[in-house]
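Below is one structure, written out as structure tokens, with a few remarks after it.
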Amino acid sequence: MKIDFHVHSNYSDGKMTLEALFKEAGQRGVAAMSITDHDTLEAQEKAVLLAKEQGIWYISGLELNVTFSHREYREGKDISLDFLGYGYDIRHKALTKKLRELRDYRKKRGEKIMKRINEELRKEGLDDLSAEDLLGSQQSADAALGRPHLARYLIQKGIVRTRQEAFDKYLVKCNVPKLPLSLEEAAKLVRDAGGMLFFAHPNDSRGTSLIKLTDSLDKQQEIIVECMLPHIDGIECWHPRHTPETIRSYILFAKKHGLLVSGGSDCHQDPVLLGSVDVPDEVAYKFGFPREARGLA
């Protein structure tokens, strides 16, 4: 069966609406799914209903960005890592309060980044970006303004040709730090809400991963043992940018340390990767998918 426990909607930085996502998932035969938007639970209530309509088994999801450092790498400087929360109470007060705080900060951060980009554009003799125009171009007014939205907008305006060019030319230079969230705090938020926390794409070649510290799988796993094990319940092993070697290594690592495993497409709909990662059926069963329901979606 098809399983996708890492999907983004336009409530964060995905392109498609929830309705379009679940219709597509149904057409593709996805049996088990989770919407894992960044720092927001806004999609969850509707996602539960849409999943039922499509006959898809659903588990609540969330992606949190954590500030992490290790004294032996990068002179102890911070990097960003992503963690996935699953199976939490979508109405838990402490979790919703903190996510509201993160979301409000995302908006302010996005506005500051845009201000810096406009300063760069003026130097080049180009017109300023308009916050009102940008927000109007997004598919969801609920989506917090972030760098992916700005990259998309720069492409729409013809200022850059690709997302990578947007980051290389403007978004790295004009960046504003995120509101720090520690791994300990992320774990407490998700677990206190009855959920589980998974380390997302630990060896993602694009960078929001331990590859920023080391490309050695052994050393990455030493870091996890030293700094993360008490705070995580699982590892995302299957990911579009994980090589077969990475997948095998992290499956063995998870088994050795009694961790659950997960996987998904990390689909932002550019392109539509929904259900395209080959995640074993047993992963869904461990999450609670009823064995007798297999093949119903």
Out of the strands (runs of 3 or more DSSP E) lying entirely within segment 184-297, which hold 1 or more residues that are crowded, with 19+ Cβ neighbours inside 10 Å and touching a Cys at 6+ places or on another chain (Cβ under 8 Å)? 260-263
Which of the residues that make up segment 100-131 are more than 26 Å from the chain's Cα centre (by Cα) and outside any loop (DSSP other than H, G, I, E, B)? ASN118, GLU119, GLU120, LEU121, ARG122, LYS123
When segment 194-218 is checked residue by residue, the ones that are in contact with a Gly (Cβ under 8 Å, 6 or more places away or on another chain) and hydrophobic (A, V, I, L, M, F, W, C) are MET196, LEU197, PHE198, PHE199
In segment 81-113, which residue that is within 19 Å of VAL7 (Cα to Cα) and among the small types (Gly, Ala, Ser) is surrounded by the fewest Cβ atoms within 10 Å (Cβ to Cβ)? GLY87
For segment 207-222, give me each residue that is farther than 17 Å from PHE68 by Cα and in contact (Cβ under 8 Å) with a residue 12 or more places away in the chain. LEU217
Could you give me the residue pairs with C-beta distances under 6 Å whose first residue belongs to segment 232-252 and is in the same structural domain as GLU282 (by TED's automatic domain parsing), whose second residue is part of a strand (DSSP E or B) and of a type in the set (Gly, Ala, Ser) wherever it lies, and which are 6+ apart or on separate chains? GLY234/SER262; GLU236/SER262; CYS237/GLY263; TRP238/GLY263
Within segment 1-37, count every residue that is within 17 Å of HIS239 (Cα to Cα) and either assigned to a loop (DSSP other than H, G, I, E, B) or not aromatic (Phe, Trp, Tyr) (or both). 15
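The values are calculated or read from the model by the stated rules, or taken from the named source; none is laboratory data. All of these numbers come straight from a predicted model, not from anything done at the bench. Ideal geometry is used to build each Cβ from the backbone, glycine not excepted, and the neighbour counts take in all protein chains shown.
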